[in-house]
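**Student:** Have a look at this one.
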Amino acid sequence: MFADLHLHTCFSDGTYTPQELVFHALQHGLKALAVTDHDTVEGCAPTARACAAAGLEFVSGTELTAEQDGHEIHVLGYCIDVEDPGLLARIGKFQSVRQNRIREMVARLNHLNVPLESEAVFALANCRAPGRPHVARALVKAGLCGSLDEAFERFLKKNRPAWVPKFKMSAALAIELIHEAGGLAVMAHPGLNRSDDVIPLMVEAGLDGIECFHTKHSTLMSEHYLEIADRFHLLVTGGSDCHGFSKGKPVMGGVRLHYEHFERLKTKAAERRSREP
Ligand code: AMP
Ligand code: FE
Ligand code: FE
Ligand code: ZN
């Protein structure tokens, strides 16, 4: 029995609707899944309903964009209360940062005589936390770029002319937000960011787990992070980070987490909740 605890939907930069996500999860024989959209939880309720209808176990999640000591760190939150007013208010601020950043990227494109409109990006994104992939798709849709890759290469990659840096919360704040919403905080794809030196600091801030299994982790990397999980007594998680069809072929099914790891996560979340006043 397997779970995929890192999936994106059309409520962030994935292409699958909750129904499509569930369809593919069933095809891959998954028993449980978590939705971890960037800086939003909008996709959780509809995916929970789609999972319930299909007999799949669902766990609410998010992937918060953070920064620590110059490294971009993604912090996954699991078993969070997606209606928690504090969480919604605080991620709302980061969502407006993302929306303003879209306007700024479009202004830079316009300055380069690329006639894209912010409204076209917002309409296409149709979510609260839009990002560069939505700008890339809008550029392709308007016929202003031939492909998503071209959009990133010419305009959107770091230090390209329409790139705008993004204000990010600290890793410690991301962990705090997740805990306040009753969830568990997990460091996403540590092998991608090459940021092992921030792990002790995050553990200090209350980190609960580490994503050892990820599409872009080699076997060696996974083993390395399993050792780190052991050393710091962290939960072990994993997922495909599937974005649907937005980046070539879908990667769901390639990384599957053994159900026993998922059970440990659920047990810890339940213990945490039972200790709350
Ligand atoms: P943002 O959060 O707006 O900075 O956008 C980050 C998203 O853009 C992530 O999901 C990345 O996978 C995606 N991304 C970053 N660089 C590229 C690239 N060169 N080509 C395609 N997608 C990319
Ligand atoms: Fe993404
Ligand atoms: Fe990520
Ligand atoms: Zn992700």
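**Student:** In segment 182-196, which residues are of a type outside the set (Val, Ile, Thr) and either part of a loop (DSSP other than H, G, I, E, B) or touching a Leu at 6+ places or on another chain (Cβ under 7 Å) (or both)?
**Tutor:** Scanning segment 182-196 gives GLY182, GLY183, LEU184, ALA185, MET187, ALA188, HIS189, ARG194, SER195.
**Student:** Which of the residues spanning segment 1-21 are open to solvent by 10 Å² or more (accessible area, probe 1.4 Å), β-branched (Val, Ile, Thr) and at pLDDT 95 or above?
**Tutor:** Hit for segment 1-21 is THR17, nothing else.
**Student:** Being among the hydrophobic types (A, V, I, L, M, F, W, C), outside any helix (DSSP H, G or I) and more than 15 Å from VAL59 (Cα to Cα) is the filter here, so list the residues in segment 225-276 that pass it.
**Tutor:** Within segment 225-276, LEU234, LEU235, VAL236, CYS242, PHE245, VAL251, MET252, VAL255 qualify.
**Student:** Could you check CYS51 against (1) modelled with pLDDT under 95; (2) away from ligand 3 (no atom under 16 Å from the Cβ) and say which number it fails?
**Tutor:** (1)
**Student:** Six or more apart or on different chains, Cβ atoms under 9 Å: show the pairs whose first residue is in segment 57-85 and open to solvent by 30 Å² or more (accessible area, probe 1.4 Å) and whose second is among the aromatic types (Phe, Trp, Tyr).
**Tutor:** GLU57/PHE262; GLU67/PHE167
**Student:** Given the conditions (1) closer than 27 Å to SER12 by Cβ; (2) of a type in the set (Asp, Glu); (3) at pLDDT below 95, and given that GLU276 satisfies all but one, which numbered condition is not satisfied?
**Tutor:** So GLU276 meets the others, but not (1).
**Student:** On the given criteria, is GLY61 touching a Cys at 6+ places or on another chain (Cβ under 8 Å), away from ligand 1 (no atom under 14 Å from the Cβ), within 29 Å of ALA171 (Cβ to Cβ) and not hydrophobic (A, V, I, L, M, F, W, C)?
**Tutor:** On the way: touching a Cys at 6+ places or on another chain (Cβ under 8 Å): yes; away from ligand 1 (no atom under 14 Å from the Cβ): yes; within 29 Å of ALA171 (Cβ to Cβ): yes; not hydrophobic (A, V, I, L, M, F, W, C): yes.
Against the criterion (touching a Cys at 6+ places or on another chain (Cβ under 8 Å), away from ligand 1 (no atom under 14 Å from the Cβ), within 29 Å of ALA171 (Cβ to Cβ) and not hydrophobic (A, V, I, L, M, F, W, C)), GLY61 qualifies.
**Student:** Any chance you could count how many residues in segment 197-224 are under 20 Å from the mean Cα position of the chain (by Cα), touching a residue at least 40 places away in the same chain (Cβ under 8 Å) and either part of a helix (DSSP H, G or I) or loosely packed, with under 13 Cβ neighbours inside 10 Å (or both)?
**Tutor:** Adding up the residues that qualify gives 2.
**Student:** Counting just the residues of segment 203-242 that are within 15 Å of LEU265 (Cβ to Cβ) and of a type in the set (D, E, K, R), which one comes out farthest from ligand 1 (Cβ to nearest atom)?
**Tutor:** It comes out as ASP208.
**Student:** For residues that are in contact with an Asp or Glu (Cβ under 6 Å, 6 or more places away or on another chain) and under 17 Å from GLY61 (Cβ atoms), scanning just segment 167-183, find the one that is surrounded by the most Cβ atoms within 10 Å (Cβ to Cβ). So that I can check it myself, show each step before the final result.
**Tutor:** First, pick out the residues of segment 167-183 that are in contact with an Asp or Glu (Cβ under 6 Å, 6 or more places away or on another chain): 168, 181-182.
In the following step, the residues that additionally are under 17 Å from GLY61 (Cβ atoms) were identified as 181-182.
Working: ALA181: 23, GLY182: 17.
So the residue we want is ALA181.
**Student:** Can you tell me which residues in segment 28-55 are part of a strand (DSSP E or B) and either away from ligand 4 (no atom under 15 Å from the Cβ) or out of contact with any Cys (no Cβ under 6 Å at 6 or more places or on another chain) (or both)?
**Tutor:** ALA32, LEU33, ALA34, HIS38
**Student:** Out of the residues in segment 133-154 that are open to solvent by less than 70 Å² (accessible area, probe 1.4 Å) and charged (D, E, K, R), state the one that is farthest from ligand 2 (Cβ to nearest atom). Let's see the steps before the verdict.
**Tutor:** Taking segment 133-154 first, the residues open to solvent by less than 70 Å² (accessible area, probe 1.4 Å) are 133-140, 142-148, 150-152.
Narrowing further to those that are charged (D, E, K, R): 137, 150.
Values: ARG137: 12, GLU150: 19 Å.
Among those residues, the one meeting the criterion is GLU150.
**Student:** Further, regarding this structure: Here is a list: GLU276, GLU227. Which entry is open to solvent by 10 Å² or more (accessible area, probe 1.4 Å), more than 16 Å from ligand 4 (Cβ to nearest atom) and without any contact (Cβ under 8 Å) to a residue 60 or more places away in the chain?
**Tutor:** Testing whether each residue is open to solvent by 10 Å² or more (accessible area, probe 1.4 Å), more than 16 Å from ligand 4 (Cβ to nearest atom) and without any contact (Cβ under 8 Å) to a residue 60 or more places away in the chain leaves just GLU227.
**Student:** As an exercise: evaluate PHE122 against (1) among the hydrophobic types (A, V, I, L, M, F, W, C); (2) touching a Pro at 6+ places or on another chain (Cβ under 8 Å); (3) within 11 Å of ligand 1 (Cβ to nearest atom) and give the number of the one condition it does not meet.
**Tutor:** Status for PHE122: all satisfied but (3).
The values are calculated or read from the model by the stated rules, or taken from the named source; none is laboratory data. Model, not experiment: these values are computed from the prediction. Cβ: placed from backbone, ideal geometry, glycine included. Neighbour counts: every protein chain shown. Each accessible area value is taken on the protein alone, full model and side chains, heavy atoms only, with ligands, DNA and RNA left out. Shrake-Rupley method; radii C 1.70, N 1.55, O 1.52, S 1.80 Å.
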